[in-house]
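Written out below as structure tokens is the structure these notes cover.
All of the numbers you see were taken from the coordinates with simple rules; none came from a lab. The model shown is predicted, which means the values in this text are computed figures rather than measured ones. No Cβ is skipped: glycine too gets one built from the backbone with ideal geometry, and neighbour counts run over all protein chains shown.
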Amino acid sequence: MTTPMLEIRDLHVRIEEREILKGVNLVVPKGEVHAIMGRNGSGKSTLSYVLAGKDDYEITSGEVLLDGQNILEMEPSERAVAGLFLAFQYPIEIPGVATMTFLKAALNATRKAKGEGEISTPDFMRAVKEAGASLNIDSTMLKRALNVGFSGGEKKRAEILQMALLKPKMCVLDETDSGLDIDALQVVSKGVNALRDGTRSMLVITHYQRLLNHIVPDVVHVFSDGKVVESGTKELALELEAKGYAGFDGEKAA
């Protein structure tokens, strides 16, 4: 049996007395790419925030294991060091901090937490050049303040570049296709697919099947009313695209 990279057991989460996640059960084995699809308000993005350790969410019960470790007791920075990476639907802007400076600081912080020395400037530049080649990222973009004035495609490419440099073992992509045109979607998807290596796992959260034409999942999960109500092969995404989410509400979500 394949060892789970991510295992979510009966996870219940609320915010301001309103329960949003109502018993999520999900297993992503090592090396697999799983997709979560669901309508707005079903709890998909909440799940990604809870995995990353965002404040404001109260976990009332359940467990989340990353490669066997319970991450719910960890700070967000500790989760990152443990190998979890979240690509945001709306990456934040950081004025005054060059993208290159941010990337090097993030990489060195992770290395330090693991007891490793700082990466040398030549090695860092080489790693950025190699990782950025498939993402159409040039030196001009790297000199600009992180995400400030970036197009939707540039923001997502900068995030995938960060993911490529940090080499996490569990990547959570929250609606990575949001705000992307067809060309940008292809570039970002190519960058994501380049990180599929048979051991790294991914959880791709999306509304639409179109992203899954480019990042083909091993398993598709349907999210409704705060939990997984159906799982299947990539063909399940096509069924959703054709019929919508109505068939997965009601009895199946009860």
- Whole-Hz Karplus couplings 3J(HN,Hα) for the range 200-215, θ = phi - 60° and coefficients 6.51, -1.76, 1.60, Gly and Pro as x, run 6, 9, 9, 10, 9, 9, 7, 7, 10, 6, 4, 4, 6, 6, 9, 10
- Message: Using a Gaussian network model on the chain with a 10 Å cutoff between Cα atoms, which of V228, V13, V27 fluctuates the most?
- Response: V27
- Helix-only [θ] at 222 nm, the chain, -39500 (n - 2.57) per DSSP H run of 4+, per residue, nearest 500, equals -10500 deg cm²/dmol
- Query: So which chymotrypsin sites (Phe, Trp or Tyr not before Pro) in the range 142-226 pass both tests, a DSSP loop state and at most 14 other Cβ atoms within 10 Å of the Cβ?
  - Reply: Y208
- Message: A 18 angstrom limit on the alpha carbon distance is what I want to check against. Which of K167/K190; K44/K227; K30/K169; K143/K169; K30/K112; K129/K167 exceed it?
- Response: K143/K169; K30/K112
- Evaluate the Kirkwood expression for the hydrodynamic radius of the chain, namely the inverse of the mean inverse distance over all pairs of different C-alpha atoms, and round to one decimal in Å. 18.8
- Between the range 156-224 and the range 3-30, how many Å separate their Cα centres? 20
- Assign unit charges at the C-beta atoms only (+1 for Lys and Arg, -1 for Asp and Glu), then state the dipole size of the range 1-153 relative to its Cα centre in Debye, rounded to the nearest 20. 540
- Query: Counting other Cβ atoms within 10 Å, which trypsin sites (Lys or Arg not before Pro) in the range 89-124 have at most 15 and lie in a DSSP loop?
  - Reply: K114
- Reachable lysines from K234, Cα under 16 Å, same-chain residues fewer than 8 places away excluded? K243
- Neighbour-count ranking for F88, F248 (other C-beta within 10 angstrom, fewest to most) reads F88, F248
- Given DSSP loops and a limit of at most 16 other Cβ atoms within 10 Å, what is the longest stretch of the chain that contains no such GluC sites (Glu not before Pro)? 119-250
- Task: Answer rounded, prolate or oblate for the range 181-226, using the Cα gyration tensor with square roots of eigenvalues a ≥ b ≥ c: rounded when a/c is under 1.5, else prolate when a/b is larger than b/c, else oblate.
- Result: oblate
